[in-house]
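Here is the structure we will look at.
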Amino acid sequence: MPDPLISRRLGRYDVKQEIGRGGMARVYRAVDTLLQRTVALKILAPQFSNDPEFAHRFEREAVTAANLRHPAIITIFDVGEAEGLRYIAMEYIGGSALSTALTEHGAFSLPLTVAVLRPIADALDAAHRSNAVHRDIKPQNILLDTDGRVLLTDFGIAIGPQQGGERLTRAGSFMGTPEYLAPEQVQGQQVTGASDRYALGVV
């Protein structure tokens, strides 16, 4: 079935092509008709848009990432709602996810591994200094741009400094991707920057 969002105007954005999807949202290449630039438009799945918890988490993703300034953290341009759909407009990356590159080319050499992971480690260090914890470090959330840049994206379950200790998960439960979770995440305990560093080591 054709995607009804393709070739559709959503607010000021012309949706062109799906470029990624997850359990909660899809990401599209779109054109910002006001600023005349290509963006990545992340749209929360319709079944979650009216759920206060998911809507809050989606908005928090934009706020957390927008307040982290680092060359290896994806830039957030806009967040909003149109026609009942919640969206985040962000920097468009023309390359691919690290997960795709690993599938297509196999394991990287040691020098290339260091070149890819060093900027992500620096980005996480900057986030942790701002009291933000990503909580979902994995190859799918590391993007390789065509100009050689490496960027961290998807702060969908991050804990940001603006939360003031707020939890969006129940005590004793966890969120994230099981293969990359630190032991304290699996046990539903408090996560810290060390949890992100553990996940990066697994990557």
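The values are calculated or read from the model by the stated rules, or taken from the named source; none is laboratory data. Since this is a predicted model, take the numbers as computed values, not measurements. Cβ sites come from the backbone with ideal geometry, for glycine too, and all protein chains shown count toward neighbours.
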Looking at the range 8-15, is at least one residue free of Cβ contacts under 8 Å to residues at least 40 places away in the same chain, surrounded by 17 or more Cβ atoms within 10 Å (Cβ to Cβ), in contact with a strand residue (DSSP E or B) (Cβ under 9 Å, 6 or more places away or on another chain) and of a type in the set (Phe, Trp, Tyr)?
no
Given the conditions (1) closer than 20 Å to Leu151 by Cβ; (2) at pLDDT 90 or above, and given that Arg21 satisfies all but one, which numbered condition is not satisfied?
(2)
Residue count for the range 104-119, restricted to those that are among the aliphatic types (A, V, I, L, M) and either in the same structural domain as Ala40 (by TED's automatic domain parsing) or in a loop (DSSP other than H, G, I, E, B) (or both):
1
Would you point out the residue of the range 46-58, among those that are free of Cβ contacts under 8 Å to residues at least 40 places away in the same chain and surrounded by fewer than 16 Cβ atoms within 10 Å (Cβ to Cβ), that is farthest from Pro4 (Cα to Cα)?
Pro52
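Can you confirm whether Leu110 is among the hydrophobic types (A, V, I, L, M, F, W, C), surrounded by fewer than 18 Cβ atoms within 10 Å (Cβ to Cβ), under 21 Å from Arg149 (Cβ atoms) and free of Cβ contacts under 8 Å to residues at least 12 places away in the same chain?
Details: among the hydrophobic types (A, V, I, L, M, F, W, C): yes; surrounded by fewer than 18 Cβ atoms within 10 Å (Cβ to Cβ): yes; under 21 Å from Arg149 (Cβ atoms): yes; free of Cβ contacts under 8 Å to residues at least 12 places away in the same chain: yes.
The answer is yes for Leu110.
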Which ones in the range 120-148 are over 17 Å from Leu102 (Cβ atoms) and part of a helix (DSSP H, G or I)?
Ala121, Asp122, Ala123, Leu124, Asp125, Ala126, Ala127, His128, Arg129
Just give me the residues in the range 78-90 being crowded, with 18+ Cβ neighbours inside 10 Å and without any contact (Cβ under 8 Å) to a residue 60 or more places away in the chain, in sequence order.
Asp78, Val79, Arg86, Ile88
Considering (1) modelled with pLDDT of 90 or more; (2) under 23 Å from Gln189 (Cα atoms); (3) in contact with a helix residue (DSSP H, G or I) (Cβ under 6 Å, 6 or more places away or on another chain); (4) among the hydrophobic types (A, V, I, L, M, F, W, C), say which one Leu152 fails and leave the rest.
(2)
